[in-house]
Structure formats: C-alpha cells, structure tokens
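Before we start, here is the structure in question, set down as structure tokens.
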Amino acid sequence: MHSYGETDLSTQAEHSSTNRRDFLYIATGAVGAVGAAAVVWPLINQLNPDASTLALASIQYNIAPIEEGQSVTITWRGLPVFVRHRTPKEIEEAKAVPMADLKDPETDEARTKPGHEQWLIMIANCTHLGCIPVGQSGDFDGWFCPCHGSHYDSAGRIRRGPAPKNLVVPPYEFLSDTLVQIG
Amino acid sequence: MSEHSTYVPGTAVEKWLDDRLPVVRFAKEHLMDFPTPKNLNYWWTFGAILVMCLGVQIVTGIILAMHYVPNVALAFDSVEHIRRDISGGRVIQATHAVGASMFFVALYIHMFRGLFYGSYKAPREILWILGVVIFLLTTATAFMGYILPWGQMSFWGATVISNIFSAIPLVGDSIKQLVLGGFAVGNPTLNRFFSLHYLLPFIIAAVVALHIWALHVPGNNNPIGVDVKDSRDTVPFHPYYTMKDLFGMVLFMIPFAWFVFFAPDILGHPDNYIMANSQVTPSHIVPEWYLLPFYTILRAIDFNILFIDSKLGGVIAMGGAMACLLVVPWLDTSKVRSGVFRPMFRWFYGLFVINFIALMYLGAQEAAEPYTTLAKVCTAFYFLYFLVILPVLSRIETPKPLPTSISESVLGNKAHA
Ligand code: HEM
Ligand code: FES
C-alpha cells in the first residue's frame with residue numbers, strides 16, 4: 001500500500017486490520033461459493049425419489065379374506081407390508097408385557113386402531129438392516145429375523161437382538177370394517 | 001522424483017519427442033531403470049498382479065456392458081443371455097465374476113504383506129493410505145457390481161448394506177432415500193449402481209497412478225526393512241523384476257483359470273440364481289466372501305453402548321475397523337520395519353492373521369451361539385491389535401540386531417546355505 005503513495009488510504013489500511021481489497025476478496029469468494037452450491041444441488045437432488053415413485057403413495061386393501069391367525073404381505077411404495085389377523089391369545093400376550101421389558105416402549109393400543117385390535121399392519125422390513133422377518137417364530141410368539149437374529153413379539157415390538165426399534169407402523173386408516181387405506 | 005535415467009534419444013525423431021513430451025524417458029526411468037532392492041521376495045509380486053487384475057476387470061467389464069441391461073425386468077435375463085447366447089460369453093462373464101474374487105485375494109495378500117514388513121512406516125505413510133483408499137473403492141465397486149445380476153443375494157445384500165445409512169442419526173433416512181432413489185432398492189438403484197460401477201474402476205486406476213508415484217519417491221521397502229544405502233543394494237527393475245512379476249502373474253493365473261473353466265459359480269451363492277424378489281428374504285444372507293470380516297464386525301455389536309443403539313454401534317465398529325488401517329502408521333511406532341527382526345510382534349501378527357480368517361468364517365455363519373460370542377471375541381481382538389498391542393509392543397520390545405545393509409544380508413544368507 002505504501003508504494004502507491006496515497007497517504008490517506010495507506011494510513012487507513014494500517015489502522016484497520018482489513019481493507020477494501022480484503023472485503024472484495026471475501027465478497028467475491030462468497031458469491032462464487034453460493035453459485036457453485038446452486039449448480040451442484042440439482043446434480044445431487046436428481047438422486048432423490050422421483051415423481052413416479054412418490055405417486056404410489058397410498059393404496060387400498062380388502063382385508064375380509066384374511067382369516068384369524070393368517071397374515072399376508074402386500075407392497076406399498078415398493079416396501080413389503082405385513083397385514084396380520086391376530087388371535088386373541090396373541091393380543092392378550094402383547095397387552096400383558098410390562099413396559100419396562102421393552103427396548104422401544106410402546107403399548108399394544110398405540111400400535112393398533114381402536115376397535116380393530118385384531119389387525120396388526122406393519123412395514124415388513126426389520127428395523128436393523130431391512131430383511132423380512134419370518135412370521136410366528138422367534139422366542140416371543142411374533143417374528144424372527146434370520147439375518148442377524150432379532151426377535152419381535154406379537155405386537156411387532158423388538159424384544160431381543162440388534163434391531164433398535166419396533167417394526168414400523170405405516171400411516172393407515174380403516175375406511176370400513178374390511179377396507180384399509182395405507183398411506 | 002530423482003533422475004535415474006540413462007536414456008539417450010537414439011534418433012532425431014526420438015530427440016524431437018523427448019524435447020517436447022518426454023514419455024519415453026519417463027517410461028525408461030520408472031518401468032525399466034528404476035533401482036529396486038535386490039532382495040524382494042514373491043510377496044512383492046502382488047502389486048503387479050493387482051494391476052493385471054484391474055486390467056482384466058476393465059476389459060471384461062466393458063464387454064459385459066455391451067450386452068447387459070440395467071433394468072429390474074431385464075437385468076437377470078440379460079446376464080443369463082450373456083452366459084448362454086453370446087459367443088464366448090460364458091467365459092467372459094465368469095472371468096469378470098471370478099476376477100472380482102481373485103482381485104480381493106491379491107489385495108488381502110498385498111495388504112498383509114505391508115502389515116508384516118512395516119511398509120506403512122515413514123516415509124511411506126501416504127503410499128499406504130492411498131492403498132487403503134484403493135481397497136475401499138474396490139470394495140464399493142465390487143459391492144455395486146454384485147447388485148447388477150439382480151438375483152436374490154444382489155437385492156438383499158443391497159438392502160442390508162444401504163440400511164447402514166439409516167443408522168446415521170436424524171438425516172439417516174433421507175440419505176438412504178437419496179442413495180436408493182426410492183423407499184426401497186428398486187429400478188433407480190440398479191441404474192445408478194450400474195453407472196457408478198462403470199465409473200469407479202477408472203477412478204481406481206487414477207488412484208493407482210498416485211500410489212505408484214508415491215512408491216517411486218522413497219522407492220520400495222524390502223523384506224529386511226533396511227533402507228537402500230548404495231547401488232550395490234539394488235538392481236534395475238527391468239529385466240529383473242519385470243520377469244519375476246511376470247512369473248508371479250503366470251502362477252496366479254493358474255487357480256484363476258481353474259475357477260473360470262471348472263468352477264465358475266463356486267465362489268458365488270446359489271440364491272443369486274433366483275431372480276430378485278422384494279417380498280421374500282433368503283433364509284440366510286451372506287455377502288461375498290471378501291466382505292465377511294467387516295460384516296462380522298458390523299453384526300457383532302448387537303447391544304446398546306450408552307446412548308448409541310446397537311445398529312449405529314455396529315456401523316461405527318465397521319467404519320472403525322477400516323479407520324484402524326488408515327492410522328496404523330501412527331499406532332506402530334517401532335523404528336524397526338520388518339517383522340523378521342521383531343520377536344514379539346511376529347507372534348501377535350500371526351494371531352492377527354488367524355483372527356482375520358476367523359472373522360471371515362464367522363461372517364458366513366448364522367446369528368446363533370456359539371458364533372455370536374466368538375464374533376465379539378474376534379472383533380475385540382481386531383481392535384486390540386491396532387489400538388493396544390501395536391503401540392505397546394513398539395515401546396517394550398527389543399528387536400533383533402539388523403543387518404547393516406541389503407547386500408550384506410543377501411551375501412550373509414548365501415554363506416549360511
Ligand atoms: C475394480 C474393478 C471391478 C470389480 C471388482 C468388479 C466386480 C463385479 C462383480 C462382483 C460383479 C457381479 C458378477 C456376478 O456375480 O455375476 C460385476 C458385474 C458386472 N460388472 Fe464389474 N467389476 C469391476 C469393473 C467393471 C468395469 C470396468 C465394467 C465396465 C463397464 C464392469 C461391468 C460390469 C457389468 C456389466 C456387470 C453385470 C454382469 C455380471 O453380473 O456379470 N465391471 N462386477
Ligand atoms: S436385518 Fe433383521 S436382524 Fe439384521
């Protein structure tokens with residue numbers, strides 16, 4: 001700065017730690033970074049689920065043919081979903097479990113719809129790493145995931161093994177006694 | 001890079017080229033005249049074998065991509081079409097699939113060679129880290145390649161591994177959806193994995209170039225780990241090591257060819273000849289054999305640690321196992337490189353190798369006793385080796401006396417024989 005011989009400017013620059021040029025550098029850099037981010041974002045965002053995948057958001061399913069003690073696996077948003085018609089024994093067992101025994105405490109009521117307790121509707125991917133557990137097996141009269149040994153009870157709650165959470169209950173509602181809408 | 005060149009352009013054309021782009025000089029310096037320790041054993045041929053493996057995967061892969069269709073409805077059939085209808089397709093597809101396994105055989109040997117002879121120590125830390133990067137990239141490439149035939153193991157392996165992302169707190173599920181392009185593994189996943197499976201080998205090739213650059217700055221380590229002192233310790237790379245490497249490649253091709261011609265499917269899993277089905281999980285999911293040790297560590301953590309749940313814990317352990325490799329140059333501070341002169345290290349190294357094989361075996365077993373407990377023990381030893389044994393040994397061990405030079409040790413061996 002001294003070499004320019006502009007006394008006014010140079011004294012100013014010496015007294016403050018930043019000067020106009022520093023400001024211009026930072027401002028230019030900041031605008032450049034925002035611009036680069038704006039260009040990169042669409043290049044990454046294209047990886048997200050596309051409109052056709054998102055469009056399959058809700059399905060309706062007739063549960064009338066499922067007898068007590070039977071389950072079916074249906075597909076929703078590409079995910080397998082269990083629809084289980086539970087026996088009274090299973091419901092009783094699920095209600096009898098003290099909350100303190102649960103890794104991810106949730107009551108049986110919170111996992112079913114009032115008046116439809118016999119129906120258990122859950123996403124069928126193990127909350128560990130996503131395998132489909134085998135029904136009516138394991139040590140808690142529910143599901144057993146053979147991949148790494150997670151046991152779920154008759155309300156689909158995790159009881160033992162590496163899975164951290166209960167099987168996920170998707171958003172759903174009963175349109176009538178025999179028709180459910182998932183999603 | 002230092003000048004080892006004895007290159008004198010012979011003709012006017014060579015001279016003209018040498019003044020503008022000295023590629024011939026470069027090749028002569030680095031592929032022919034490069035001074036190489038004269039005591040390298042056959043464990044040192046695996047670097048060249050790995051370059052060959054990468055070449056084989058790229059050539060066979062580009063051919064497969066001419067016939068393969070990355071679409072969930074057609075992928076499975078297109079691989080069968082390659083195997084049955086394309087001229088020579090049976091052998092080309094088998095070479096690619098078996099080639100991936102052979103690639104990892106060579107990778108593991110190459111890495112364990114480095115761990116025994118202390119090749120990661122100064123001044124070769126960057127060289128070693130680039131090697132670990134190549135290992136991780138190759139693992140990712142092989143994982144994505146295994147999805148392409150769209151069999152049951154392809155699909156469920158992808159499901160299990162992509163769920164690893166969902167263990168990340170808060171943003172995990174969004175990241176998983178970003179990676180898969182949907183709520184589950186599906187057509188978008190297959191398409192992008194194919195694109196990346198085609199890209200990554202070329203990135204690997206670029207990192208290999210850096211790896212060899214980083215090798216040619218300090219030069220090779222050697223079985224006694226003593227630095228090169230003068231020209232009596234070395235021989236030119238060509239013809240001494242070009243021939244030795246070539247011979248190593250020929251030996252390596254024997255089991256390779258045996259698999260390709262007589263047992264192309266033996267390293268794969270029979271479930272992968274059933275087309276992917278998102279409604280049924282195979283009763284027992286096993287990744288490819290080369291991923292098993294890390295898979296065992298992932299699932300060994302089936303208990304919560306403080307506020308970290310078992311799933312995130314497993315992911316951290318698996319990442320940590322790989323991170324140990326990255327930082328080993330700073331964990332093993334012993335001044336002596338070669339395990340040959342480290343009486344205590346040798347034993348623990350031997351245990352580490354056995355433990356690694358045990359981890360591999362356990363990854364293929366069911367999640368039941370006694371395997372689950374053994375998996376925890378072996379996982380613990382893996383970390384103990386890097387985080388406790390190596391640093392402690394570096395302090396307490398008294399190494400055997402080192403030979404004063406490479407040529408002395410070579411001539412000394414001769415005198416004994
Ligand atoms: C680092 C190098 C590579 C590795 C480790 C690797 C690994 C693999 C693996 C394990 C498979 C599954 C084979 C099976 O089970 O049938 C596969 C398939 C495939 N790879 Fe590669 N690959 C590599 C490079 C390449 C390259 C450069 C291309 C060319 C674009 C390519 C194209 C393909 C194709 C089209 C398939 C599907 C056909 C099949 O399954 O055989 N690969 N790869
Ligand atoms: S995926 Fe179910 S226990 Fe791991």
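Between a first residue in the range B:216-243 that is in a helix (DSSP H, G or I) and a second residue that is among the acidic types (Asp, Glu), which pairs have beta carbons less than 8 Å apart while being 6 or more apart in sequence or on different chains?
Here the result reads B:PHE237/B:ASP33; B:HIS238/B:ASP33, each pair linking the range B:216-243 to a residue that is among the acidic types (Asp, Glu).
Also, quick follow-up: Return the residues of the range B:171-194 that are free of Cβ contacts under 8 Å to residues at least 12 places away in the same chain, of a type outside the set (A, V, I, L, M, F, W, C) and either more than 9 Å from chain A (Cβ to nearest Cβ) or assigned to a helix (DSSP H, G or I) (or both); say none if nothing qualifies.
Residues of the range B:171-194 free of Cβ contacts under 8 Å to residues at least 12 places away in the same chain: B:171-175, B:177-178, B:181-183, B:188, B:192.
Next cut, of a type outside the set (A, V, I, L, M, F, W, C) only: B:172-174, B:177, B:181-182, B:188, B:192.
Listed by number, the residues that qualify are B:GLY172, B:ASP173, B:SER174, B:GLN177, B:PRO188, B:ARG192.
A follow-up question, please. List every residue pair whose Cβ atoms lie under 7 Å apart, where the two residues are 6 or more positions apart in sequence or sit on different chains, the first residue falls within the range B:119-139 and is in contact (Cβ under 8 Å) with a residue 40 or more places away in the chain, and the second residue, located anywhere, is hydroxyl-bearing (Ser, Thr, Tyr).
Matching pairs, first to second residue: B:TRP128/B:SER119; B:TRP128/B:TYR120.
Still on this structure, please answer the following. Checking the condition of a type outside the set (Val, Ile, Thr) and open to solvent by less than 20 Å² (accessible area, probe 1.4 Å), which residue from B:LEU351, B:LEU325 passes? Outline the logic, then answer.
Details: B:LEU351 fails: open to solvent by less than 20 Å² (accessible area, probe 1.4 Å).
Selected residue: B:LEU325, the only one of B:LEU351, B:LEU325 that is of a type outside the set (Val, Ile, Thr) and open to solvent by less than 20 Å² (accessible area, probe 1.4 Å).
Go over the candidates B:ILE62, B:ILE49, B:ILE58, B:ILE82 one by one and state the one that is open to solvent by 50 Å² or more (accessible area, probe 1.4 Å) and aliphatic (A, V, I, L, M).
Values: B:ILE49 fails: open to solvent by 50 Å² or more (accessible area, probe 1.4 Å); B:ILE58 fails: open to solvent by 50 Å² or more (accessible area, probe 1.4 Å); B:ILE82 fails: open to solvent by 50 Å² or more (accessible area, probe 1.4 Å).
Matching residue, one of B:ILE62, B:ILE49, B:ILE58, B:ILE82: B:ILE62.
Next question. With the structure loaded, tell me whether A:LEU79 is at the interface with chain B (Cβ under 10 Å from one of its Cβ atoms) and touching a strand residue (DSSP E or B) at 6+ places or on another chain (Cβ under 6 Å) or whether it fails that test.
Details: at the interface with chain B (Cβ under 10 Å from one of its Cβ atoms): yes; touching a strand residue (DSSP E or B) at 6+ places or on another chain (Cβ under 6 Å): yes.
It is true that A:LEU79 is at the interface with chain B (Cβ under 10 Å from one of its Cβ atoms) and touching a strand residue (DSSP E or B) at 6+ places or on another chain (Cβ under 6 Å).
Could you check how many residues of the range B:348-386 are within 18 Å of B:ILE109 (Cα to Cα) and of a type outside the set (Val, Ile, Thr)?
First, the residues of the range B:348-386 that are within 18 Å of B:ILE109 (Cα to Cα): B:348-361, B:382.
Next, only the ones that are of a type outside the set (Val, Ile, Thr) stay: B:348-352, B:355-356, B:358-361, B:382.
Summing the residues that are within 18 Å of B:ILE109 (Cα to Cα) and of a type outside the set (Val, Ile, Thr) in the range B:348-386 gives 12.
How many of the residues in the range B:398-414 are within 16 Å of B:PHE345 (Cα to Cα) and surrounded by 14 or more Cβ atoms within 10 Å (Cβ to Cβ)?
Residues that pass the stated criteria total 2.
Pairs needed: first member in the range B:290-302, touching a residue at least 12 places away in the same chain (Cβ under 8 Å); second member anywhere, away from ligand 1 (no atom under 16 Å from the Cβ) and of a type in the set (D, E, K, R); C-beta distance under 8 Å; at least 6 residues apart or different chains.
B:ALA300/B:LYS376
When you look at B:VAL133, is it under 17 Å from B:ALA205 (Cβ atoms) and either in a loop (DSSP other than H, G, I, E, B) or more than 11 Å from ligand 1 (Cβ to nearest atom) (or both), yes or no?
Details: under 17 Å from B:ALA205 (Cβ atoms): yes; either in a loop (DSSP other than H, G, I, E, B) or more than 11 Å from ligand 1 (Cβ to nearest atom) (or both): yes.
It is true that B:VAL133 is under 17 Å from B:ALA205 (Cβ atoms) and either in a loop (DSSP other than H, G, I, E, B) or more than 11 Å from ligand 1 (Cβ to nearest atom) (or both).
List the helices (runs of 4 or more DSSP H) inside the range B:309-417, counting only whole elements, that have at least 2 residues being touching a Phe, Trp or Tyr at 6+ places or on another chain (Cβ under 9 Å) and modelled with pLDDT of 95 or more. Working first, answer last.
Working: elements: B:310-331, B:343-363, B:371-384, B:390-396, B:406-416.
Of the helices (runs of 4 or more DSSP H) lying wholly inside the range B:309-417, those with at least 2 residues that are touching a Phe, Trp or Tyr at 6+ places or on another chain (Cβ under 9 Å) and modelled with pLDDT of 95 or more span B:310-331, B:343-363, B:371-384, B:390-396.
Across the range B:173-186, what is the total count of residues that are more than 19 Å from B:VAL280 (Cα to Cα) and within 15 Å of ligand 2 (Cβ to nearest atom)?
The number of residues fulfilling the criteria is 1.
So which residues in the range A:157-183 are touching a Phe, Trp or Tyr at 6+ places or on another chain (Cβ under 7 Å) and over 20 Å from B:THR372 (Cα atoms)?
Pass one, the range A:157-183, residues touching a Phe, Trp or Tyr at 6+ places or on another chain (Cβ under 7 Å): A:158-159, A:167, A:170, A:180-183.
Those that are touching a Phe, Trp or Tyr at 6+ places or on another chain (Cβ under 7 Å) and over 20 Å from B:THR372 (Cα atoms): A:LEU167, A:PRO170, A:VAL180, A:GLN181, A:ILE182, A:GLY183.
Among the residues of the range A:82-98 satisfying the criterion of being under 22 Å from A:GLY149 (Cα atoms) and more than 14 Å from every other protein chain (Cβ to nearest Cβ), which is modelled with the highest pLDDT?
The residue in question is A:ARG84.
Among the residues of the range B:306-319, which ones are within 12 Å of another protein chain (Cβ to nearest Cβ) and either open to solvent by 20 Å² or more (accessible area, probe 1.4 Å) or in contact with a Pro (Cβ under 8 Å, 6 or more places away or on another chain) (or both)? Step through it out loud before you land on a result.
Here is the first cut: in the range B:306-319, the ones within 12 Å of another protein chain (Cβ to nearest Cβ) are B:307-315, B:317-318.
Within the range B:306-319, B:PHE307, B:ILE308, B:ASP309, B:SER310, B:LYS311, B:LEU312, B:GLY314, B:VAL315, B:MET318 qualify.
Can you list residue pairs whose Cβ atoms sit under 6 Å apart, with the first residue in the range B:37-62 being without any contact (Cβ under 8 Å) to a residue 40 or more places away in the chain and the second being open to solvent by 20 Å² or more (accessible area, probe 1.4 Å) and among the hydroxyl-bearing types (Ser, Thr, Tyr)? Count only pairs 6 or more apart in sequence or on different chains.
B:THR60/B:THR95
Taking A:VAL72 as the residue in question, decide whether it is surrounded by 15 or more Cβ atoms within 10 Å (Cβ to Cβ), under 30 Å from A:PRO49 (Cα atoms), aliphatic (A, V, I, L, M) and within 14 Å of another protein chain (Cβ to nearest Cβ).
Details: surrounded by 15 or more Cβ atoms within 10 Å (Cβ to Cβ): no; under 30 Å from A:PRO49 (Cα atoms): yes; aliphatic (A, V, I, L, M): yes; within 14 Å of another protein chain (Cβ to nearest Cβ): yes.
No: the conditions fail for A:VAL72.
Now for a different question. Yes or no: B:PHE345 more than 14 Å from every other protein chain (Cβ to nearest Cβ), over 23 Å from B:PHE135 (Cα atoms) and open to solvent by less than 20 Å² (accessible area, probe 1.4 Å)?
Values: more than 14 Å from every other protein chain (Cβ to nearest Cβ): yes; over 23 Å from B:PHE135 (Cα atoms): yes; open to solvent by less than 20 Å² (accessible area, probe 1.4 Å): yes.
So B:PHE345 passes the test.
Would you check if B:ILE168 is open to solvent by 20 Å² or more (accessible area, probe 1.4 Å), out of contact with any Pro (no Cβ under 9 Å at 6 or more places or on another chain), in contact (Cβ under 8 Å) with a residue 24 or more places away in the chain and within 14 Å of chain A (Cβ to nearest Cβ)? I'd like the intermediate steps shown before the answer.
Numbers: open to solvent by 20 Å² or more (accessible area, probe 1.4 Å): yes; out of contact with any Pro (no Cβ under 9 Å at 6 or more places or on another chain): yes; in contact (Cβ under 8 Å) with a residue 24 or more places away in the chain: yes; within 14 Å of chain A (Cβ to nearest Cβ): yes.
Judged against the criteria, B:ILE168 is a match.
A further question follows. Given B:HIS110, B:HIS96, which one is open to solvent by 30 Å² or more (accessible area, probe 1.4 Å), over 18 Å from B:CYS324 (Cβ atoms), in a helix (DSSP H, G or I) and away from chain A (no Cβ under 14 Å)? Give the steps one after another, and end with the answer.
Numbers: B:HIS110 fails: over 18 Å from B:CYS324 (Cβ atoms).
After applying the criteria, what remains is B:HIS96.
Please state which of the following conditions A:LYS165 fails to meet, knowing it meets all the rest: (1) surrounded by 20 or more Cβ atoms within 10 Å (Cβ to Cβ); (2) within 16 Å of ligand 2 (Cβ to nearest atom).
Of (1) surrounded by 20 or more Cβ atoms within 10 Å (Cβ to Cβ); (2) within 16 Å of ligand 2 (Cβ to nearest atom), only one is false for A:LYS165: (1).
Here's a follow-up. Checking the conditions here, which among A:LYS113, A:LYS89 is open to solvent by 80 Å² or more (accessible area, probe 1.4 Å), of a type outside the set (S, T, N, Q) and either farther than 21 Å from A:GLY161 by Cβ or not in a loop (DSSP other than H, G, I, E, B) (or both)? Spell out how you get there, then give the answer.
On the way: A:LYS113 fails: open to solvent by 80 Å² or more (accessible area, probe 1.4 Å).
None of the others qualify; the one that does is A:LYS89.
Counting only residues that are within 16 Å of ligand 2 (Cβ to nearest atom), modelled with pLDDT of 95 or more and open to solvent by 20 Å² or more (accessible area, probe 1.4 Å), how many does the range B:118-164 have?
0
Counting only residues that are away from every other protein chain (no Cβ under 14 Å) and either out of contact with any strand residue (DSSP E or B) (no Cβ under 6 Å at 6 or more places or on another chain) or open to solvent by 20 Å² or more (accessible area, probe 1.4 Å) (or both), how many does the range B:270-303 have? Lay out the reasoning, then the answer.
Taking the range B:270-303 first, the residues away from every other protein chain (no Cβ under 14 Å) are B:270, B:272-275, B:288-290, B:293.
Narrowing the set further to residues that are either out of contact with any strand residue (DSSP E or B) (no Cβ under 6 Å at 6 or more places or on another chain) or open to solvent by 20 Å² or more (accessible area, probe 1.4 Å) (or both) leaves B:270, B:273-275, B:288-290, B:293.
Qualifying residue count for the region: 8.
Of these, A:ASP177, A:ASP141, A:ASP153, which one is crowded, with 19+ Cβ neighbours inside 10 Å and either more than 14 Å from every other protein chain (Cβ to nearest Cβ) or within 16 Å of ligand 1 (Cβ to nearest atom) (or both)? Break it down stepwise before answering.
Details: A:ASP177 fails: crowded, with 19+ Cβ neighbours inside 10 Å; A:ASP141 fails: crowded, with 19+ Cβ neighbours inside 10 Å.
None of the other options fit; the residue is A:ASP153.
The values are calculated or read from the model by the stated rules, or taken from the named source; none is laboratory data. Bear in mind the structure is a predicted one, so any value in this text is a computation, not a measurement. Every residue, glycine as well, gets a Cβ built from its backbone with ideal geometry; the counts of neighbours run over all protein chains shown. The accessibility values were calculated without ligands, DNA or RNA, using every heavy atom of the protein model including side chains. Shrake-Rupley method; radii C 1.70, N 1.55, O 1.52, S 1.80 Å.
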